[in-house]
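This report concerns only the one structure given below.
The values are calculated or read from the model by the stated rules, or taken from the named source; none is laboratory data. All values reported here derive from a predicted model rather than from experimental measurement. Cβ: placed from backbone, ideal geometry, glycine included. Neighbour counts: every protein chain shown.
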Amino acid sequence: MTTSKNDILFERAQKSTPGGVNSPVRAFRSVGGTPRFITRAEGPYFWDADGKRYIDYIGSWGPAIVGHAHPQVVKAVQEAATRGLSFGAPTEAEIEMAEEICRLVPSIEQVRLVSSGTEATMSALRLARGATGRDKIVKFEGCYHGHADSLLVKAGSGLLTFGNPTSAGVPEDFVKHTMVLDYNNVEAVRAAFAQYGQEIACVIVEPVAGNMNLIKGTPEFLGALRELCTAHGAVLIFDEVMCGFRVGLGGAQELYGIQPDLTALGKVIGGGLPVAAFGGSQELMSKMSPVGAVYQAGTLSGNPVAVAAGMTTLKLIQQPGFYEGLARSARRLADGLTAAAQEAGVTFCADAEGGMFGLYFSATPPNNYAEMMAGDRDKFNVFFHKMLDEGVYFAPAAFEAGFVSAQHDDAVIDATIAAAKTVFASL
Ligand code: PLP
């Protein structure tokens, strides 16, 4: 009989909820074992039901960029909550948030707030199709854009075939419009446009991918997407739900100097509460209801409590030196882990971009999904569990990027590297 409260809670959870979790990756299926049930979080740490403390490198899968339970964010939420939880009518705070996003993200002139990244990408797709009058979309193997039907697709067998559903319940008829190409492969995109250029409504891409571990789009690849979309009248959508306000204040589009037509945002802009958004030029966004013919809506869109958390987070990340500090921490972690692995003779490397990082059990960082899948996942799983025992919580799957917060200072990073030295030596 186990006495671990995590085990007891997991058993109980599985009776009332499929797999015991409300989002699949939390279930530890990829790494095995019992998920930790979290009771509280503060700064770079959280604590599980057994009272064990972990250095958290997931940060709620991205939002916790200023650290967990930042006092200013908590205060803003408390104050907003006392004024009412939801009105279903517009507020001035929503205008302020929209203005702030338009000011910070180079390509956004108008933005619509929604409640999840899935809604943001799904709506951006609908807008792209509505604006172009075309049906076909292009996505890339290994990029995740939420769970809208058209996007739960993996590559077909041929280079330019349309995709296969990755989930039961997604009709073939939906995904027959979705072409799935290799990430960072310029030739594949050129070939797709050469054949279907007049039918492609949009290309959607994570410019810095965080859902096949961390893989950076090459400037040539992202530049070619821009060029081809412009040449063929297709809409370029940057899904910056994860990398937006994470790789830098202006997101990947500022980092690469490439302006997409539409941008999807989420995670950081909610500061831990449900806010996401999509935006672009005034001309495109004016096609959205109630002004235009593309329908989209949400009972809790622009929720006042969530907007208070998001807006306070957006202010905090604009403090001088914020992104320099974040990037320095992620780099210190990546370099420290790589050195520790080398010392122990383990094939491993790590990379970082802004406040995101990737851990790879391969000699060099991957450039696409197939290269990522070729990494040693069994070794990652052992590493993951041993680090967990040491009180370090990395994402429970080899396919996920990691995140640091502004509260991951040198002492926290160095404690992680010290733990990794012990773990690598035992692999
Ligand atoms: N797009 C990207 C790049 C993401 O990483 C995610 C979630 O991880 C989504 C979209 C979906 O966001 P949400 O989980 O808020 O629906």
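Observations, loosely collected:
- Single residue of region 4-49 satisfying the filter (within 23 Å of the chain's Cα centre (by Cα) and among the hydroxyl-bearing types (Ser, Thr, Tyr)) that is farthest from the ligand (Cβ to nearest atom): TYR45
- Residues that are within 16 Å of the ligand (Cβ to nearest atom), assigned to a helix (DSSP H, G or I) and either outside the structural domain of GLY59 (by TED's automatic domain parsing) or acidic (Asp, Glu) (or both) occur in region 284-306; there is at least one.
- Selection within region 1-35 - basic (Lys, Arg) and within 20 Å of ALA395 (Cβ to Cβ): ARG26, ARG29
- The C-beta contact set for region 137-149 (first residue more than 9 Å from GLU206 (Cα to Cα) and among the hydrophobic types (A, V, I, L, M, F, W, C), second residue within 14 Å of the ligand (Cβ to nearest atom) and modelled with pLDDT of 95 or more, distance under 8 angstrom, 6+ apart or interchain) comprises ILE137/LEU125; ILE137/ILE204; VAL138/ILE204; ALA148/THR118; ALA148/THR121; ALA148/MET122; ALA148/LEU125.
- Verdict on GLY217 being buried (at least 22 other Cβ atoms within 10 Å of the Cβ) and within 14 Å of the ligand (Cβ to nearest atom): yes
- Considering region 151-179, the residues that are buried (at least 24 other Cβ atoms within 10 Å of the Cβ) and within 16 Å of the ligand (Cβ to nearest atom) include one that is farthest from the chain's Cα centre (by Cα), namely THR178.
- Every condition in (1) modelled with pLDDT of 95 or more; (2) aliphatic (A, V, I, L, M); (3) part of a helix (DSSP H, G or I); (4) within 16 Å of the ligand (Cβ to nearest atom) is met by VAL73 except one, and the failing one is (4).
- Within region 59-108, the residues that satisfy the criterion of being aliphatic (A, V, I, L, M) and either free of Cβ contacts under 8 Å to residues at least 12 places away in the same chain or at positive phi (or both) are ALA69, VAL74, ALA89, ILE95.
- Any pair with Cβ under 7 angstrom, 6 or more apart, that starts in region 196-213 at a residue that is outside the structural domain of THR121 (by TED's automatic domain parsing) and ends at one that is assigned to a strand (DSSP E or B) and away from the ligand (no atom under 16 Å from the Cβ): none
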